């Protein structure tokens, strides 16, 4: 039995600073076959891949799907062995849960073949607690149900679904529906909440995790205690070496704030503040309905970051002002805080808006890495 470590490649700090991915020679014959739905740029796949590297298994990705063209291009740049599809997932899974397979689903199954792991992070904006005007009945929330349909089609041994905690309160009860269907299919299902800061990710990011497995009982709630870090990772731990970037590429240059926001950022530093006083905010962010304390805030070097979202370029979207420089975060800063190593290739993304969306919507790989280590080691040879 391998003695598993809590950190990727034995050292999370060093892993994030790798410029070139370490090529693994996996001497075991076992091949893990992965399908990633709503794959984005590949945060979950990266976690599974590094778990396979740790266990000396080989990874195949016969299907990765996303509707976002730039996200799927970024995914393919990092997982060139994958078979990727840029399409609406509804064109692949065309029948209702519990019904006979459609011709499209039969063709999909035949082309993909048997798989070991099904993963996905369905779009979560409708569930997010960042929405002051809740969208619990947002039609996008029902995309979660495709994970159960994919399980019916592919019959994987393991399933990992990541989402925001608000998904559990969806008016359509999508999480409960998926759980019920998976249990009826013979899966052990565990649902829990994990704050990623507890497992070494340098940001507060509480997430809902559903893990289903056949033949292996697994409790999601054991992850934080088993893999907790001695001290919370801070902004300094993550991006201290990225200060004063000299490169002028899109990854390493911050956005240009408006004149008013430049003045607000300067005010923070001039008065050595981390929260912008209410009277310095624009009127729309002063009233109780829209006032989040973190908006226009400055990050602390020695604390974890707030949750990284697609708004990290803008001071008006959260606490995204750099701790010691009068600017907001760069994409490189945000990628580090999202637990992407430096070798991860974002060069296919040409617009700042797309880059912010891809990084902000990603799943930090540390969580799927740990879950995959647990599942594959228990069910391995």
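No lab work stands behind these numbers, since they all come straight from the coordinates. Keep in mind that this is a model prediction, so the values were computed, not measured. Virtual Cβ from ideal backbone geometry, glycine too; neighbours counted across all protein chains shown.
Distances longer than 12 Å among the Cα atoms of the stretch 333-381: what percent of all pairs is that? The calculated P(r) of the stretch 333-381 puts 68 percent of pairs beyond 12 Å.
The fewest-to-most ranking of 299, 210, 97 by surrounding Cβ atoms within 10 Å reads 97, 210, 299.
Over the stretch 235-360, the ratio between the Cα radius of gyration and 2.2 N^0.38 Å evaluates to 1.03. Sorting 183-192, 348-357 by average packing, meaning the other beta carbons within 10 Å per residue, from highest down gives 348-357, 183-192. Taking other C-beta atoms within 10 Å as the exposure proxy, 96, 104 rank 96, 104 from fewest upward. Spin-label pair residue 180-residue 301: with each label point 7 Å from Cα along the Cα-Cβ axis, the two points sit 5.4 nm from one another.
For the stretch 7-58, taking the reciprocal of the average inverse distance between every pair of different Cα atoms yields a Kirkwood hydrodynamic radius of 12.2 Å. Build a GNM of the chain with springs between Cα atoms under 10 Å apart, and of 36, 110, 170 the one that fluctuates most is 110. Modelled spin-label separation between residue 188 and residue 216, with each label point placed 7 Å from Cα along the Cα-to-Cβ direction: 1.0 nm. Dividing the summed helix terms, -39500 (n - 2.57) for each DSSP H run of n ≥ 4, by the number of residues in the chain produces a 222 nm estimate of -8000 deg cm²/dmol to the nearest 500.
Packing-based ranking of 213-225, 241-253 yields 213-225, 241-253, ordered from highest to lowest mean Cβ neighbour count within 10 Å. Ranked from largest, the principal axis spans of the Cα set of the chain equal 62, 45, 38 Å.
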